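Please read the structure below before turning to the comments.
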Amino acid sequence: MPSRTVSHGSSGRLRGLFLVMVLVFLEGSVFTLAVASSDQRSPTTAHSGGHKATDHGSHNNTGKAFPVLDLNYENVRVPFEISLWVLLASLMKLGFHLVPHLSNIVPESCLLIVVGLLVGGIIRGTGETVPPVLDSKLFFYILLPPIILDAGYFLPIRPFMENLGTILIFAVVGTLWNAFFVGGLLYGVCQIGTESTSILSRIGLLQCLLFGSIISAVDPVAVLAVFEEIHINELLHILVFGESLLNDAVTVVLYHLFEEFSGIGSVTLLKGFLGVISFFVVALGGVLVGVLYGILAAFTSRFTSHTRVIEPLFVFLYSYMAYLSAEIFHLSGIMALIACGAVMRPYVEANISHKSHTTIKYFLKMWSSVSETLIFIFLGVATVAGPHDWNWTFVTVTVILCLVARVIGVVGLTFIINKFRIVKLTTKDQFIIAYGGLRGAIAFSLGFLLEKEHFPEREIFLTAIITVIFFTVFVQGMTIKPLVELLAVKKKQEAKRSINEEIHTQFLDHLLTGIEDICGHYGHHHWKDKLNRFNKKYVKKCLIAGERSKEPQLIAFYHKMEMKQAIQLVESGGGIKMPSAVPSTVSMQNIQPRPPTKPAAERAIPQLSKNKEEEIRKILRTNLQRTRQRLRSYNRHTLVADPYEDGLSDLLLKKQKMFQIEKKLKEMNTYLTVPAPPPDSPTMCRARLASDPQAYSIKPASNKVPMIQVDLASPQSPDSVNLLDEFGQANQQEEEEQGLMMKPPSRPREAKKPGEEDEAKDQQKLMRCLSDPGPSADEDEDGAFLP
Amino acid sequence: MGASQTRPEHNYDDLTDKSGFSQEQIKNLYQRFQQLSGNNEKISRDDLERIPALNNNPIRKQIITAFFDKRNQHQNDVGSLDEIGFEQFLMVMSHFRPVNSTATEEEKASVRKQKLRFLFNMHDTDNDGIITLDEYRTVVEELLSQSGAIETEVARAIADAAMLEVASTNVPHMAPDDFYEGITFEHFEQILKGIEMESRMYIRFLDMNTATMRCGKLSS
């Protein structure tokens, strides 16, 4: 008892110590930043003074003392500050999770904004000017792309495509409605509700509409940040999230349109018409640019088999170039980025190594996480920085109008959409969609971009934008989680895809396509099927290297599952622990058809006494490290030494070798003194061996540790390596893979030897390759591109 | 000789009740039926096999068989027919109606069961009420048949793995000597719980445009 409290206390003390350290560091960094930002001129003069002094010194030849310790902050100022900010952001993230219960109540985004406010306040409190950190260039070119790329690369394609119509309607029509509603009514309020001398009445209609278009776009960063924590079901998530991504095109067009119009001051019908056209150009152009770069990236990845290390770099570079290229032409950069990521993913993933895949995933997550944190902190700092112009009427009317517009928009659009949907959106769904329309830093940056000359009311706008952002993020962000619980909205299903579901999904697709053909109805499935076939016939051949281009999706899925199983198995250390949720004793043997009854003499398996069985089981349990007596998994894996590293050619070689061994073993069956069980598939034999204690009856008298080769998958799968137990290597290899019960003649042993040695080597390779645990088990984003 | 172009009106009501389609949908389907059957009263297997678009479908045999399967006629009959009339055609099609959004939970459950039953019948070719390992293997092989040279071993491995999964989830504890006969209908329902059949297994019948219907080379 006392020891436990002591340890608990010490861990608590450690935590406290860490928090104190964080706070001290925070203070220090803030101060440095403040000092650094304001001390721009003094160091330079000091420097020049210093130079002159040394100059004189060298001239006079007397020389001052050689500076042993010198202070030169100017050279490292910029990188130093950047690193400090990023470090601050990361430490904050750490700190939140150390404080118990905090992360459950308050979403991270709120906390980060508060931290930003604090930092800004401290800087201001020390009398320095707050640095303008949320610079629009920084935001749009550095902070935003990682988040969007992360979202686009891991976008679940199937639900997205299935709901594309709904998403588009919400994104386009919904945003337009919001913009005009808010802008128009705001103008009306400004004109009517205030005296003619107030500043508000000078805000023109176009300015109001511009403001409306800035404020009405749902922000992907904020949505991601909040929705990630509430785990709602896939449909709602993809609807709100998809909307936030696709409304970028609308926002870009409206913003540029109104910005230009308010500069000119008048609108003609032609200009309006051009605006509509430009919307299509912006949206489709962005997508086109993205697709182009995506195909380039996929094509490049085809040739990277010899330089695996830079594979992730290609993915990042091509995507970033897509974004920047779209921005050159004022196209929608976000849509380009999403299109690029989504298009390149299936092909790139088929080409790159497993480790590169992990690298890409982790880097994207890391960058997007840091970006998100920084964005929220900067929002807080920028709030303190101002300049602000608080106008009660404007701000409150804006907030109210935004809410009202969102609700009306969602309800109205859902009414129309439900006429076309099979799975209708319920009221609960509509509420969540409306409530989840959060605004974020994009709105702020767009407002920040406005020039003061054209928009004298810029500060009013900025204040209002910040207030709306704060309101949505704090109020809506904090309350959405309890509301989701209260309304009992369906949560995300954590179930993994099983192979049965995969088989039947494919079966269903083909079935529905067939029925459509019989009906003569060219519907969804028909076109999807055509696209799939086109993809398989032409595109995959171009963009995927080697053999994988011909792999049908079912088999790819199966291999992926096997790999995952294998990694899980090794991670869990084998043995008794069953990682799966359903421990069961069913093994391959149970499902194989019973052989036809044979005369009793032919039964190959002698009965063991219970004692011997127990003994053997105990030996296995204690000595063998990588085996399981009853595999609950659906198959037995034999692992290859990092197959994705060495390419498929090695796999195929190994596979062939296995085949040859199998063939030889089958022939060996006939040489046995006791007839073996009827020639079943090798899977079956393997299964019987590994699961059946009677298999170990081969050594009734010997005390040697039986050598087991645990095969974790049927040998025919290309991902096969024999996982050898290092323990029993010295022992005979009698009990090999075919469950031959009696002592076979020496012939099989010889035939097996070359194979065995090779397998021993594989064992070493296996250890090395599996030292990296790889991505987490939750890989539901690895859905197929064209299911 | 020669089919009447329009069926007598009273038959439509009958069919509407039985199949659940609306009058317009039945009319559209009847037109399609006429096209497929070459204006005869009945469709045979050859008529369906002649549809060119089906050639790319890996499971076309199963689909065509399903139309002639008596079990899909809601009548507790077994066996298969050689030809089907319009009513039977409609009954098979009715499995693909989308579920009404106003339906209650029980109705949805029964629709779901019906659709799952259709799928089950497609797999269970010998009609013994269970899908045995061989039948399942055939299913997987057919699915992969169009994908080029796939060794049968891989297909079998997948089928075995799937079967094992079904067995593990439904009958977790089996002694080593027990034999899992096959997938019964209840097990089938259980493993496909994750797929929402009632909303996935449907065709949008309403916008069937007869102008786009092409039977291809159904000459004469």
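The numbers here are math on the coordinates, done by the rules we state, and not lab data. Note that this is a predicted model, so its numbers are computed, not measured. Virtual Cβ from ideal backbone geometry, glycine too; neighbours counted across all protein chains shown.
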Efficiency of FRET between A:HIS256 and A:ARG497 - r from beta-carbon atoms, R0 60 angstrom, step 0.05: 0.90
Checked the range A:359-410 with the C-alpha gyration tensor, a ≥ b ≥ c its square-rooted eigenvalues, rounded below a/c of 1.5, otherwise prolate if a/b is larger than b/c and oblate if not; verdict oblate
Using θ = phi - 60° and the Karplus curve 6.51 cos²θ - 1.76 cosθ + 1.60, what whole-Hz ³J(HN,Hα) does each residue of the range A:529-544 get, with Gly and Pro shown as x? 5, 4, 4, 4, 5, 4, 4, 5, 6, 10, 5, 4, 4, 6, 9, 10
For A:ILE232, distant residues with modelled amide H under 5 Å away: A:LYS492
Which residues qualify? For A:GLY440, with a placed amide H closer than 5 Å and at least 5 residues away or on another chain, they are A:ASP219
Hey, can you grab everything whose amide H is under 5 Å from the amide H of B:SER80? Only 5+ residues off in sequence or another chain; H modelled, so Pro and N-termini drop out. B:LYS70
Plugging the Cβ-Cβ distance of A:VAL407 and B:SER145 into 1/(1 + (r/R0)^6) at R0 = 51 Å yields, to the nearest 0.05, a FRET efficiency of 0.45
Of A:LYS490/B:LYS193; A:LYS424/A:LYS564; A:LYS419/B:LYS42, pairs whose Cα-Cα distance is over 26 Å: A:LYS424/A:LYS564; A:LYS419/B:LYS42
Which of A:LYS93/A:LYS365; A:LYS355/A:LYS560; A:LYS492/A:LYS560; A:LYS528/B:LYS61 have a Cα-Cα distance over 19 Å? A:LYS492/A:LYS560; A:LYS528/B:LYS61
Roughly how many nanometres apart are two label points built 7 Å out from the Cα toward the Cβ at A:LEU235 and B:HIS173? 3.9 nm
So if we plug the beta-carbon distance of B:GLN35 and A:ILE192 into 1/(1 + (r/R0)^6) with R0 = 60 Å, what FRET efficiency do we get, rounded to 0.05? 0.40
So between A:LYS528 and A:ILE277, what do we pick up on full extension, going 0.36 nm a residue minus the alpha carbon distance? 87.5 nm
To the nearest µm²/s, what D does Stokes-Einstein give for the range A:88-199 at 25 °C and 0.890 mPa s, using the Kirkwood radius over alpha carbon pairs as Rh? 128 µm²/s
Ranked highest first by average number of other Cβ atoms within 10 Å, how do A:91-103, A:381-393, A:337-349, A:286-298 line up? A:337-349, A:286-298, A:381-393, A:91-103
How large is log10 of I(q)/I(0) for the range B:1-142 at q = 0.10, 0.17 Å⁻¹ when the intensity is taken from the Debye formula with one equal scatterer per alpha-carbon? -0.39, -1.08
Find how many whole Å separate the alpha carbon centroid of the range A:314-335 from the alpha carbon centroid of the range A:109-156. 21 Å
Which value, in Å³ per residue, describes the convex hull spanned by the Cα atoms of the range A:353-481? 189 Å³
Per residue, the convex hull volume that the Cα atoms of the range A:433-555 enclose (Å³): 256 Å³
